[in-house]
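The values are calculated or read from the model by the stated rules, or taken from the named source; none is laboratory data. These numbers were taken from a predicted model, which means no experiment stands behind them. Cβ sites come from the backbone with ideal geometry, for glycine too, and all protein chains shown count toward neighbours.
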Amino acid sequence: MKFNLEKDSFFTKLIFRFLIITMIVVLIFGFSVITYFKTFFIEQKEAQIHKNSNAVIDYLAESKIENNKQEIVNWLSIIGQLNEGHAWLVNEKGVLEYSYPYSFDEKKVFSGYETIFAGNSIAREINSDDFEITMQFVGLPVKYQGEVIAALLVFTPVEEINSIIEHVFKIMLSISLFALFFILFISYYFSRSLAKPLHNMGLVASQISQGKYGKKVEIKEKGASQEVKILSESINLMSQKLKQTIESLAEEKNKLKYVLSGMAEGIIAVNHLGEIILTNKAAAEIFDFKADLQGEKITEVNLDSEVKENFKQIIASESFASKQLVISREKTKEYYLVHLTEIKLQDDQFWGGVAIFHDISERYRFEKLQREFVANVSHELKSPLTSIKGSAEILLDGIIENEAQQKEYLKMILKESNSLAHLIDETLTLAEIDSGGVELNKEKIKVKTLFQDLEIFFDNIKKEEQSLEFEFEADLELYANREKIRQVLINLLTNSVKYSAKKGKIKLKALQMAEKIKISVSDNGIGIPKAEQKNIWERFYKIDKARTPGERSSGLGLAIVKQIIQEHQGKLALKSQVGEGSTFSFILPNKVD
């Protein structure tokens, strides 16, 4: 196995730490030994200078008292030769008076003489312009009868000491290099026995982090410690347990995902910080979420203010009784029942809140249609019945004696009776279709004949100068139930006539499309608002009555059209623009069963 020698690898760090520690220990030991030896030899040298100088210093003092210059020079020469160096004599003013082996043309002043004249000895290494090499300096007081009369300065070369120290340094360097190589060899095998198992553990941990659960660490190193083996076994056990846990969590997550995605109700859940942690597909469709909202603040999302306010209450109080509210969108005619409640963990710790949105638009519309049905039927029945009753009472009371006026009242009774019969017929037709009691009894129908029959019907119901135009191929045939399709076209033509101007143009068109046929009824009437278009096929649904003053409608015609076309396995379509007119069309399969 090749180890990663990058600077951040554990193996490299371990090797370098061993080497650094070894180098530090060797350097400390080497410098300590060298310092010890150097100090030892310097002290020995100083002791020797003291011994050699003290042997003749008394004679030098007597010569100084006697001012015997020759003897002073002789004694200085003896001291210099004994110490293999130089000897100087300095007076109480620090001025150099005598020296060996030098002579001076000018009086030289020596600094630091005060310490010596105070009766103390001094010693140190110096580098002076008077000498070409480093000298060991020792200063001794020259006393006569207990009084310091001069200062003896002895200078001895330290080359010999430096040579010994240099030799010792070379020995220490050789030992250090040998120690480094030896430690490198030992640390390599030690680091490998520790780093290789850890490297294997790292690889397994990396694989686990990538989702490859169940991987195991294999320890093949003989020198692996017991702790490393225990750690590897723990990782293997953790990997196996993690695999089982992740599989269980994934299974539960998938179950939850499919359950949530399959729910028709929208769900939005937030945590205790007010951040969205869960939404489902239905919620995204309800509120038109364009992206994943996880982590977004609930207050920053495009939601109804009532829902946001209730979420705030849940988060603020951390204790919230379940609540239901209805939110409505009048523009799109959508209604939602919202159930809000808090969520707590097993230890009764507050976790967040959740809102479930139930789409009750269909129920609301159905209930509304039911109410409108009662109102419409009551109105549709009441109006003709009132006319019939009023006309009958007038005729019975004999108020009208003119025969022509009596006929007008009788015509009114007949017209209103026909309206009642038409309303009942439409209601019964829808009931019959709903009960599944309609048998289509399809047959081949010539489009030309069908349209010609409708032309006669159009002439009876049209307003003043309204016109009807046909567009179809002469030999075009339709396979359907003749009466049901005729009823569809009658209802569509009736609406076109009703909602078109007095000079409106209506077009009836048939087109062959492979094995299908498309029939459409177009007009240039008032048109239908876009918001109303998806609702006009509902039973008893009526567009704003203010748009069609004076026109009576049961609201069942288009519902019957829808039911008949669906019975024929066809499709309905509507294109309409307010003020420009409408086109109702349907496509039917045109093949013999």
What is the number of the single condition among (1) surrounded by 19 or more Cβ atoms within 10 Å (Cβ to Cβ); (2) modelled with pLDDT of 90 or more that Lys518 does not meet?
(1)
Filtering segment 536-593 down to residues that are modelled with pLDDT of 65 or more, part of a loop (DSSP other than H, G, I, E, B) and of a type in the set (Gly, Ala, Ser) yields Gly555, Gly570, Gly579
Out of everything in segment 456-493 that is among the polar types (S, T, N, Q) and in a helix (DSSP H, G or I), what residue ends up being farthest from the chain's Cα centre (by Cα)?
Asn460
Under the condition of being surrounded by 14 or more Cβ atoms within 10 Å (Cβ to Cβ) and β-branched (Val, Ile, Thr), which residue from segment 112-144 is modelled with the lowest pLDDT?
Thr134
Conditions (1) crowded, with 16+ Cβ neighbours inside 10 Å; (2) touching a residue at least 40 places away in the same chain (Cβ under 8 Å); number of the one not met by Ser99:
(2)
Checking the conditions here, which among Ile24, Ile78 is surrounded by 14 or more Cβ atoms within 10 Å (Cβ to Cβ) and either at pLDDT 75 or above or under 30 Å from Leu96 (Cα atoms) (or both)?
Ile78
Is there a residue in segment 292-304 that is in contact with a helix residue (DSSP H, G or I) (Cβ under 6 Å, 6 or more places away or on another chain), at pLDDT below 75 and farther than 30 Å from Ala531 by Cβ?
no
Quick one: what pairs do we get from segment 499-517, first residue in a strand (DSSP E or B), second of a type in the set (Ser, Thr, Tyr) and crowded, with 20+ Cβ neighbours inside 10 Å, C-beta under 6 Å, 6+ apart or different chains?
Ile506/Ser496; Lys507/Ser522
Which one of Asp434, Asp475, Asp459 is of a type in the set (Asp, Glu) and at pLDDT below 85?
Asp434
Confirm whether Ser496 is of a type in the set (Gly, Ala, Ser), within 60 Å of the chain's Cα centre (by Cα) and in the same structural domain as Ile445 (by TED's automatic domain parsing).
yes
All conditions in (1) modelled with pLDDT of 80 or more; (2) small (Gly, Ala, Ser); (3) touching a helix residue (DSSP H, G or I) at 6+ places or on another chain (Cβ under 8 Å) are true of Gly30 except (1)
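Quick grid of which residues meet (1) in contact (Cβ under 8 Å) with a residue 12 or more places away in the chain; (2) surrounded by fewer than 17 Cβ atoms within 10 Å (Cβ to Cβ); (3) within 18 Å of Glu147 (Cα to Cα):
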{"residue": "Ser32", "(1), (2), (3)": "no, yes, no"}
{"residue": "Thr35", "(1), (2), (3)": "no, yes, no"}
{"residue": "Thr39", "(1), (2), (3)": "no, yes, no"}
{"residue": "Glu43", "(1), (2), (3)": "no, yes, no"}
{"residue": "Glu46", "(1), (2), (3)": "yes, no, no"}
{"residue": "Asn54", "(1), (2), (3)": "yes, yes, yes"}
{"residue": "Asp58", "(1), (2), (3)": "no, yes, yes"}
{"residue": "Ala61", "(1), (2), (3)": "yes, no, yes"}
{"residue": "Ile65", "(1), (2), (3)": "yes, yes, yes"}
